[in-house]
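Everything on this sheet refers to the single structure shown next.
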Amino acid sequence: MSHFVAPSLLAADFLRLDQAIDLVNTSEADWFHLDVMDGLFVPNISFGQFIIEQIAERAEKYVDVHLMIQDPSRYIESFARAGASGLTVHAEACTHLHRVIQQMKEAGVKAGVALNPHTPVSVLEHVIEDLDLVLIMTVNPGFGGQKFIYQSIAKVRQAAELITTHNSRALIEVDGGIGEQNAGKVLEAGARVLVAGSSIFKSDDPAQAIRRLKQIDANPLAYV
Ligand code: DX5
Ligand code: ZN
């Protein structure tokens, strides 16, 4: 099964967002990845429903919304209404994670849960059967352009095992510091969705960077 590439618009030029959206639309990318930051769960503040609504109107592909916000249960319905295809909440930001997952389903979006680098995969043991997506953070969330944390490869492997054991349909997504140099390794460990911001939008040829990420094979010998 081939993998998906999800460019993160966080690294795009926000004064030319229309061009970035059209580039993703016409490229070989599969999803849009949109990073919502609240300045509380993570130190940074990015954008919210208002911007997502406009992006989603122009986007012709799956809109993958990554909520790096404290207590996301307050906003599930409004992000679904803004045009998200799938929402991903952080396990660390939810007191009642099981309830938030049901809330996403009731809102009619795909349900994802993200784990910070220090959070064990085992926190998902009792909810994995309900999930469409598991996001293994490969950097500490909050900023683009950070260095990939190599220990996350073992976590991707553990998540893949958990998914198999529970016969879950969840896809594993990786996010942070992903590029040609480590994509083969995370795919080999079981990732199916590659989020990439800087390695796409800070490159000279973003469409070509997307194509190269699409063409990468699962490769255990890739440099990390
Ligand atoms: C980080 C965000 C990422 C970010 C990735 O907190 O969740 O989606 O945009 O950016 P790169 O690919 O530059 O690490
Ligand atoms: Zn993200």
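The values are calculated or read from the model by the stated rules, or taken from the named source; none is laboratory data. The model shown is predicted, which means the values in this text are computed figures rather than measured ones. Backbone-built Cβ (ideal geometry, glycine too); neighbour counts: all protein chains shown. Remember, those area values only see protein heavy atoms, side chains included, never the ligands or the DNA or RNA. Shrake-Rupley method; radii C 1.70, N 1.55, O 1.52, S 1.80 Å.
Where Rh is the Kirkwood radius over the Cα pairs of the chain, the temperature 4 °C and the viscosity 1.567 mPa s, what D in µm²/s does Stokes-Einstein return?
After rounding, the answer is 76 µm²/s.
Could you check which residue among Asp64, Asp22, Asp35 shows the biggest mean-square fluctuation in a GNM of the chain with a 10 Å Cα cutoff?
Comparing Asp64, Asp22, Asp35 in a Gaussian network model of the chain, the most mobile one is Asp22.
Taking only pairs that are 8 or more places apart or on different chains, how many Lys pairs in the chain have Cα atoms under 19 angstrom apart?
Summing the qualifying lysine pairs gives 8.
Take the Cα pairs of region 1-83, get the Kirkwood Rh, then feed it into Stokes-Einstein at 25 °C and 0.890 mPa s and tell me D in µm²/s.
My calculation gives 184 µm²/s for D.
Cβ under 13 Å from Gly145's Cβ, Gly145 left aside: what net charge do those residues give with Lys, Arg +1 and Asp, Glu -1?
That works out to 0.
What are the GluC sites (Glu not before Pro) within region 1-85 that DSSP puts in a loop, where the Cβ has at most 15 other Cβ atoms within 10 Å?
Glu28, Glu60
Calculate, for the chain, the solvent-accessible area per residue in square angstrom, rolling a 1.4 angstrom probe over the heavy atoms of the protein chains.
Here the residues of the chain average 46 Å² of exposed surface.
Per DSSP H run of n ≥ 4, the term is -39500 (n - 2.57); total these for the chain, divide by its residue number, and report the mean residue ellipticity at 222 nm rounded to 500 deg cm²/dmol.
-9500 deg cm²/dmol
Around Met137, which amide H atoms from residues at least 5 apart in sequence, or from another chain, sit under 5 Å from its own amide H, with H modelled in the peptide plane?
The list, which skips near neighbours in sequence, is Leu115.
How much net charge surrounds Trp31 when only other residues with a Cβ under 10 Å from its Cβ are counted (Lys, Arg +1; Asp, Glu -1)?
-2
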